[in-house]
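Below you'll find the structure, written out as structure tokens, and then a few comments.
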Amino acid sequence: MSFFKKVLIVTASTILILALFEITLRTFFPQEPIITYENESLGLSDSVLGHSNRPGSFPTVKTPEFFVEYRISSEGFRDQKNHTKSKAPGVTRILLLGDSFTFGDGSQYEEIWPVLFEKKARGKET
């Protein structure tokens, strides 16, 4: 048997075993998240963006892998403070737009990259 055939058999066998393992887990041990809302759901339909955060919402998500609380400010941002429309002199503001990675889906607020970036930019590295 050639080396190529052996590699092909090992690769196919590995893929088959992993697929069977995945099917077994999804069938017998499903991991459905438990989502609770303090007031209303997190998302709003937006005609321009498609989706935006509901101001003031406070959902929690619990899965076997993590537990996280999402607090949405009155401005619709995942932030712990509200920002005035006018800023103080010498203050730089950066608006970060993005997907679930920027939002920090599945992560506590203190662990999301925009917060870590802000701390580093302010010189408060942890």
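The values are calculated or read from the model by the stated rules, or taken from the named source; none is laboratory data. These numbers come from a predicted model, not from an experiment. Here Cβ is always computed from backbone atoms with ideal geometry, including for glycine, and neighbour counts include all displayed protein chains.
Specify which of the listed residues (S2, S13) is surrounded by 10 or more Cβ atoms within 10 Å (Cβ to Cβ), farther than 24 Å from T102 by Cβ and not aromatic (F, W, Y). Don't jump to the end; show me each part of the working.
Numbers: S2 fails: surrounded by 10 or more Cβ atoms within 10 Å (Cβ to Cβ).
Exactly one of S2, S13 is surrounded by 10 or more Cβ atoms within 10 Å (Cβ to Cβ), farther than 24 Å from T102 by Cβ and not aromatic (F, W, Y), namely S13.
Just the residues that are modelled with pLDDT of 85 or more and either outside the structural domain of G106 (by TED's automatic domain parsing) or of a type in the set (K, R) (or both), please, taken from the range 44-92.
Those that are modelled with pLDDT of 85 or more and either outside the structural domain of G106 (by TED's automatic domain parsing) or of a type in the set (K, R) (or both): R54, K62, R71, R78.
For the range 24-83, name all the residues that are under 29 Å from L95 (Cβ atoms) and of a type in the set (A, V, I, L, M).
I35, L42, L44, V48, L49, V61, V68, I72
Return yes when Y109 is at pLDDT below 85 and of a type in the set (F, W, Y) and no when it is not.
Numbers: at pLDDT below 85: no; of a type in the set (F, W, Y): yes.
When the stated conditions are applied, Y109 does not pass them.
Looking at (1) among the aliphatic types (A, V, I, L, M); (2) closer than 18 Å to S41 by Cβ; (3) surrounded by fewer than 14 Cβ atoms within 10 Å (Cβ to Cβ), which one does V68 not meet, given that it meets all the others?
In the conditions (1) among the aliphatic types (A, V, I, L, M); (2) closer than 18 Å to S41 by Cβ; (3) surrounded by fewer than 14 Cβ atoms within 10 Å (Cβ to Cβ), V68 misses (3) alone.
Pairs needed: first member in the range 90-104, touching a residue at least 12 places away in the same chain (Cβ under 8 Å); second member anywhere, in a helix (DSSP H, G or I); C-beta distance under 6 Å; at least 6 residues apart or different chains.
Filtered contacts from the range 90-104: L96/T102; L96/P114.
Just checking, does the range 65-87 include any residue being in contact (Cβ under 8 Å) with a residue 24 or more places away in the chain, within 17 Å of S107 (Cα to Cα) and not in a loop (DSSP other than H, G, I, E, B)?
yes
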